[in-house]
Amino acid sequence: MLYQLKKCRDGSHSIYRTTVDITENNGVVSFKFEAENTTFFCPPQRL
Amino acid sequence: MRRKTQRFSAPHSGYNILHSEGDACEVLIGSDPERKVYYEIEISPDNDLMLAEMVNHGFDENNEPILDIHFVEECFVKGEVVKRDNGYTATVTFPKEKILSGDGEVYFNAYRLETDGGEMDKHLFALNPTMLPKFRSPEYFVYLKDFI
């Protein structure tokens with residue numbers, strides 16, 4: 001089923017639309033995120 | 001966040017990279033009735049995966065979670081990312097039996113971190129908002145059976 005993510009801090013509408021579709025078939029679980037508006041920021045590994 | 005990394009192994013390129021300082025989608029999921037032990041699955045727009053068993057010992061004096069992080073060497077999560085002009089689709093798929101961390105009902109929460117190019121904590125979205133600027137709040141986990 002499809003759900004809309006909300007702002008974590010206060011539950012208000014998220015500024016960038018984000019949905020997650022959650023399914024389970026034959027014991028296999030899937031989370032499909034649709035994330036709008038991003039800079040694709042992926043920093044180098046830091047340990 | 002105080003991290004006690006028990007062991008780190010990166011058997012695959014792009015696997016078990018700590019990328020939570022960038023953009024990512026995350027799922028915390030488990031079945032430990034005390035909600036102390038659960039799995040954390042992260043996927044970045046570059047399709048880097050992180051998979052770890054987390055042991056949450058509560059919060060320190062600064063209200064930061066005290067976590068033991070046990071990276072999972074044998075990745076049982078399949079990740080897929082499709083980038084578009086204005087966003088991306090990230091999918092994580094895994095056998096439910098692999099994330100069982102106890103004999104209770106399976107619970108979870110789902111999140112998106114968006115940094116707008118690297119500004120930490122700028123945007124944090126949640127399926128079940130924690131009403132905090134942080135997302136590691138086990139009391140806000142919801143039951144998987146109610147969302148599928």
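The values are calculated or read from the model by the stated rules, or taken from the named source; none is laboratory data. Worth saying up front: this structure is predicted, and the values here are computed from it rather than measured. Please note: Cβ atoms are built from the backbone with ideal geometry, for glycine as well, and neighbour counts cover all protein chains shown. The accessibility values were calculated without ligands, DNA or RNA, using every heavy atom of the protein model including side chains. Shrake-Rupley method; radii C 1.70, N 1.55, O 1.52, S 1.80 Å.
Might you let me know whether region B:60-67 holds any residue that is open to solvent by less than 70 Å² (accessible area, probe 1.4 Å), within 7 Å of chain A (Cβ to nearest Cβ), at pLDDT below 95 and under 18 Å from the mean Cα position of the chain (by Cα)? The answer is no; no qualifying residue exists.
Only one of B:E61, B:E119, B:E139, B:E97 is part of a helix (DSSP H, G or I) and farther than 22 Å from B:Y15 by Cβ. Can you tell me which? Going through B:E61, B:E119, B:E139, B:E97 in turn, the sole match is B:E139.
For every residue, the table says whether it meets (1) within 11 Å of the chain's Cα centre (by Cα); (2) within 25 Å of B:T130 (Cα to Cα); (3) open to solvent by 80 Å² or more (accessible area, probe 1.4 Å).
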residue: A:M1; (1), (2), (3): no, yes, yes
residue: A:L5; (1), (2), (3): yes, yes, no
residue: A:T19; (1), (2), (3): yes, yes, no
residue: A:E24; (1), (2), (3): no, yes, no
residue: A:F31; (1), (2), (3): yes, yes, no
residue: A:E34; (1), (2), (3): yes, yes, no
residue: A:T38; (1), (2), (3): no, yes, no
residue: A:P44; (1), (2), (3): no, no, yes
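Taking the criterion of being open to solvent by less than 70 Å² (accessible area, probe 1.4 Å), within 7 Å of chain A (Cβ to nearest Cβ) and among the hydrophobic types (A, V, I, L, M, F, W, C), the residues of region B:110-131 that qualify are B:A110, B:L124, B:F125, B:A126, B:L127.
Considering only residues in region B:76-90 that are in a loop (DSSP other than H, G, I, E, B) and more than 26 Å from B:Y39 (Cα to Cα), the one that is most open to solvent (accessible area, probe 1.4 Å) turns out to be B:D85. The residues of region B:100-148 that are more than 13 Å from B:R35 (Cα to Cα) and among the aliphatic types (A, V, I, L, M), listed by number, are B:A110, B:L113, B:M120, B:L124, B:A126, B:L127, B:M131, B:L132, B:L144, B:I148.
Results for (1) modelled with pLDDT of 95 or more; (2) polar (S, T, N, Q); (3) surrounded by 17 or more Cβ atoms within 10 Å (Cβ to Cβ), shown as yes or no for each residue.
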position: B:R2; (1), (2), (3): no, no, no
position: B:S13; (1), (2), (3): no, yes, no
position: B:H19; (1), (2), (3): no, no, yes
position: B:A24; (1), (2), (3): no, no, yes
position: B:P33; (1), (2), (3): yes, no, no
